[in-house]
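**Student:** Here it is, the structure, as structure tokens.
Nothing in this text is a laboratory measurement; each read-out follows from the coordinates by a stated rule. Worth saying up front: this structure is predicted, and the values here are computed from it rather than measured. Reconstructed Cβ throughout: ideal geometry from the backbone, glycine too, with neighbour counts over all protein chains shown.
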Number of protein chains: 2
Amino acid sequence: MKRLAVLGSTGSVGEQTLTVAAAHPERFSVTALAAGQQVEVLAEQIERFWPEVASVAREEDAHVLRARFGKKVAIYSGEEGLQAVATHESDLVVAALVGAVGLAPTLAAIRAGRDIALANKEVMVMAGALVRREVEAAGGVLLPVDSEHSAIFQSLSGQRLQDVTRLILTCSGGPFRDEALWPSERLRDASVDQALAHPNWDMGAKISIDSATLMNKGLEVIEARWLFDVPPEQIDVVVHPQSIIHSLVEYRDSSVMAQLGLPDMRVPIAVALAHPERIELEAPRLDLAACGHLDFEPPDRERFPCLDLATRALRGSEAAPAVLNAANEVAVAAFLEGLIPFGAIADTNRTVLDAHLADQAGATLADLAAVWAVDEWSRAQARQACGITAPTPNPDGSQRVG
Amino acid sequence: MKRLAVLGSTGSVGEQTLTVAAAHPERFSVTALAAGQQVEVLAEQIERFWPEVASVAREEDAHVLRARFGKKVAIYSGEEGLQAVATHESDLVVAALVGAVGLAPTLAAIRAGRDIALANKEVMVMAGALVRREVEAAGGVLLPVDSEHSAIFQSLSGQRLQDVTRLILTCSGGPFRDEALWPSERLRDASVDQALAHPNWDMGAKISIDSATLMNKGLEVIEARWLFDVPPEQIDVVVHPQSIIHSLVEYRDSSVMAQLGLPDMRVPIAVALAHPERIELEAPRLDLAACGHLDFEPPDRERFPCLDLATRALRGSEAAPAVLNAANEVAVAAFLEGLIPFGAIADTNRTVLDAHLADQAGATLADLAAVWAVDEWSRAQARQACGITAPTPNPDGSQRVG
């Protein structure tokens, strides 16, 4: 029986994790659940899985849950609650919080030696170098939970890292892929609605905009670098509009391994939960003949400069990816509020990254405090670049707790 | 140092095997070489690799080689020579003979507990059930050396067989793929030259015709069934004209793993030689963006009935694949000699298979003698079906030795 702790159990990945786990009660028990403010959803999850520990963001909500569940479930709140769930006795911690709030509890779980199913992108984007060191020190396994990195993880199965010559991330290309429809001049002033129209996946606003700028793929390059310990010059991107090949790994003998499937988040979740085995999943099967064709093209690095900014950040300093991520969060929020044009997202990111690299080219990430420091510095710089005076709320709520 | 014995060292796969091995002298030594009648090529190979044992088909050629190499290399001939090379002290036997001649020495190597890099299709096509039992008894590993089965082997890396739901072999579709150009009536009377024009691989006459009838893919379904111990109903075929995805494996969680690359036999050879590691290979790298698109369509089982004959044979009896293979060899030879039209190849195969299944539906393959018996029976039936009285020479020389 694999004991699961789920950080972010009421979010999309968290709920799908519980669905997958519930279909295999002989394999999985859910021992700890952490949610934010969706208290009623969490209460239903508690009644379904009866975890030993649960946590919510606010103490007043914890109070209500304690009254409801008595001594059957230990209820915590806030940052302490996240830590309690992260470090509760378990075999696998599913890190499915959204945003920077997940950083501290995920690191706590890593330090406790837990295996981590990692859906919380910001953990590797903001603190990849630090997390990599902590994982190596503690000896747990990082199991990626998103389609591209899960594909790479699966394509590395049974292989040695030293035989890898290239990771190739596939990229849908986003809503502005077609240069004939979206030449640079027009792209610069794309509207929020146009940018939110992602072709293949139904996602939140922040990540949809990131897909439109290709910053999302840039952030995935950063994640891949730290998840798999592969240098940035060995990480490539190819545009593949159908999102059927989820990513690929090239080996020194020129053989290329890939993972394919219809877009369905339950698959990478099931892969991570069951690793190193696989479990039955009632999901639509890929039929290549029905697909007809799969298309590929190089990414347009001129129209989508965010992609190269990610590689520059990786080469620049340990802290630079956190700088880029924070600047991008501010710029995307400003775009969504109509304060800056679409083209200014990349401009903002470049301006802030340049300023960081000019000042702090050797910046390392010794601890979480260092991450928060560059994050705050970068947000201030980005607000300035966007002409904003007050802090902008993050569109997906990825504020730090505590 | 991995000690290699190569059965069929002067053939295409044999020569490429030696090229790959020679590029990694720190990893591989060549300890035994078996050739047929290309004595001068073998002599050059002996001078390059100085194996301990070598073998040729004819005793008179062995005599010449003994005079040339003295006591430095033990030279054998005929069936005894093949056995000597197959069972010589080695870590891996590369079974790269063409045709039925490879069956006995490959089985000898398997019984001696050797790992086998298997390029010799007929071994699994004619005697798959027998070979499977012998491999399981002796405990060696079968490493496939052709692009499709190597792709499946690589896609199974690090996975459990019980998690597999489907093997998906890709198929170029052959020169008659386009139904608009090759409707059934026209296909029936396709000429030898038209049938020999394979789009992606430069191959011998027999295998080119098999690609044109899709019998080649049918034979690969048979090989896959016995190489990987997967039942025929879990083996699918998809037409993929570019031959970039070499084959795929679907798992119970709906995840599909695939191996891709430019068509290059050295890749599956390098994979088999280096397993479980990988070695550097100077080969052109796959560039998906340069490919532009990969196409897929279902195989046309009406115009290419040989594909379903293979599945019927697998379901019919242990011996039926050998029957189908022998009938097909006779029919293809008859077609190449202008004795029967293209369409009669499938007709012949069906007639002989039907006759076998009507008579000997429970036929098993207890030993090699049983294989030879059904092989001979089938050839006689096929000659009758083709209206031939004398035995037809096999186009690729796949006669039995001894």
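**Student:** If the viscosity is 0.890 mPa s and the temperature 25 °C, what Stokes-Einstein diffusion coefficient in µm²/s follows for region B:316-386 when Rh is the Kirkwood radius over Cα pairs?
**Tutor:** Diffusion coefficient, whole number: 208 µm²/s.
**Student:** Sticking with this one: What FRET efficiency comes out for A:Glu302 versus A:Glu26 if R0 is 51 angstrom and r is the Cβ-Cβ distance? Round to the nearest 0.05. Intermediate results must be reported in sequence, preceding the final value.
**Tutor:** Numbers: r = 53 Å, r/R0 = 1.04.
With a Förster radius of 51 Å, E is 0.45.
**Student:** Mind giving me the nanometre distance, one decimal, between the label points for B:Ala358 and B:Arg133, set 7 Å out from Cα along Cα→Cβ?
**Tutor:** 2.8 nm
**Student:** Using a label position 7 Å from Cα in the Cα→Cβ direction, what is the ascending list of nm distances from A:Gly139 to the same site in the other copies?
**Tutor:** Those separations, rounded to one decimal, come out as 3.0 nm.
**Student:** Between A:Ala112 and A:Phe69, what is 0.36 nm times their sequence separation minus the Cα-Cα distance? Round to one decimal in nm.
**Tutor:** Values: separation 43, 0.36 × 43 = 15.48 nm, distance 2.76 nm.
Full-extension gain reported as 12.7 nm.
**Student:** For region B:215-300, what does the relative contact order come out to in percent, with C-alpha contacts under 8 Å and a separation of six or more? Walk me through the intermediate numbers first.
**Tutor:** Working: 70 pairs, mean separation 25.7, N = 86.
Reported relative contact order: 30 percent.
**Student:** A further question follows. Can you pull out the GluC sites (Glu not before Pro) in region A:183-288 that DSSP calls coil and that have at most 12 other Cβ atoms within 10 Å? Could you put the intermediate results ahead of the total?
**Tutor:** Numbers: sites: A:Glu185, A:Glu220, A:Glu223, A:Glu233, A:Glu250, A:Glu277, A:Glu280, A:Glu282; in loops: A:Glu277, A:Glu280, A:Glu282.
When the GluC sites (Glu not before Pro) of region A:183-288 are filtered for loop state and at most 12 Cβ neighbours within 10 Å, A:Glu282 remain.
**Student:** Next question, about the same structure. Quickly rank A:352-359, A:340-347 as a protection proxy: mean count of other C-beta atoms within 10 Å, highest first. Write down the numbers at each step before the final one.
**Tutor:** Details: A:352-359: 18.4, A:340-347: 20.0.
So the order, starting with the most tightly packed, is A:340-347, A:352-359.
**Student:** Counting C-alpha atoms alone, how compact is region A:2-145: give Rg to one decimal and Dmax as a whole number, in angstrom.
**Tutor:** 14.0, 42
**Student:** Right, another one. For an R0 of 60 angstrom, estimate the FRET efficiency from the Cβ-Cβ distance between A:Leu181 and A:Trp50 and round to the nearest 0.05. The partial results should precede the final answer.
**Tutor:** On the way: r = 52 Å, r/R0 = 0.87.
So the FRET efficiency works out to roughly 0.70.
**Student:** When the gyration tensor of region B:98-162 is built from Cα positions, what are the square roots of 5 times its three eigenvalues, in whole Å, from largest to smallest? Numbers along the way, then the final one.
**Tutor:** Values: eigenvalues 76, 43, 19 Å².
That gives 19, 15, 10 Å for the three semi-axes.
**Student:** Still on this structure, please answer the following. Provide a whole-number value for the mean count of partner chain Cβ atoms within 10 Å of the Cβ atoms in peptide B:277-287. Spell out each step's value before the answer.
**Tutor:** Numbers: counts 6, 11, 4, 6, 5, 2, 4, 1, 5, 7, 5.
Average neighbour count from other chains, rounded to a whole number: 5.
**Student:** While we're looking at this one, here's another question. Defining a contact as two alpha carbons under 8 Å apart and six or more residues distant in sequence, what relative contact order in percent does region A:232-282 show? Mind dumping the intermediate values first?
**Tutor:** Values: 33 pairs, mean separation 12.0, N = 51.
Answer for region A:232-282 is 23 percent.
**Student:** With contacts defined as alpha carbon pairs under 8 Å and 6 or more residues apart, what's the relative contact order of chain A in percent?
**Tutor:** Numbers: 778 pairs, mean separation 63.1, N = 402.
For chain A, the relative contact order is 16 percent.
**Student:** Could you tell me the center-to-center distance, by alpha carbons, between region A:100-126 and region A:197-262 in angstrom?
**Tutor:** 20 Å
**Student:** How many lysine pairs are close in chain B, with Cα atoms under 24 Å apart and the two 8 or more places apart or on different chains? If you can, show how the numbers build up before the last one.
**Tutor:** Numbers: B:Lys2/B:Lys71; B:Lys2/B:Lys72; B:Lys2/B:Lys121; B:Lys121/B:Lys206; B:Lys121/B:Lys217; B:Lys206/B:Lys217.
Count of close lysine pairs: 6.
**Student:** Where does chain B land on Rg(C-alpha)/(2.2 N^0.38 Å)? List each step's numbers first, then the result.
**Tutor:** Numbers: Rg = 20.6 Å, N = 402, 2.2 N^0.38 = 21.5 Å.
This ratio for chain B stands at 0.96.
**Student:** So if I average 1/r over every pair of distinct C-alpha atoms in the protein assembly as shown and take the inverse, what Kirkwood radius in Å does that give? Walk me through the numbers on the way to the answer.
**Tutor:** On the way: mean 1/r = 0.0344 Å⁻¹.
Computed over the protein assembly as shown, the radius equals 29.1 Å.
**Student:** Sticking with this structure for a sec: Treat region A:269-402 as a sphere of radius equal to its Kirkwood radius over Cα pairs and apply Stokes-Einstein at 25 °C in a medium of 0.890 mPa s; give the translational diffusion coefficient in µm²/s, rounded to a whole number. Intermediate results must be reported in sequence, preceding the final value.
**Tutor:** Values: Rh = 17.4 Å.
In µm²/s, the coefficient rounds to 141.
**Student:** Now for a different question. Could you work out the mean projected area of the convex hull around the alpha carbons of region A:260-336, in square nanometres to one decimal?
**Tutor:** Values: hull surface 35.9 nm².
Averaged projected hull area, Cα only: 9.0 nm².
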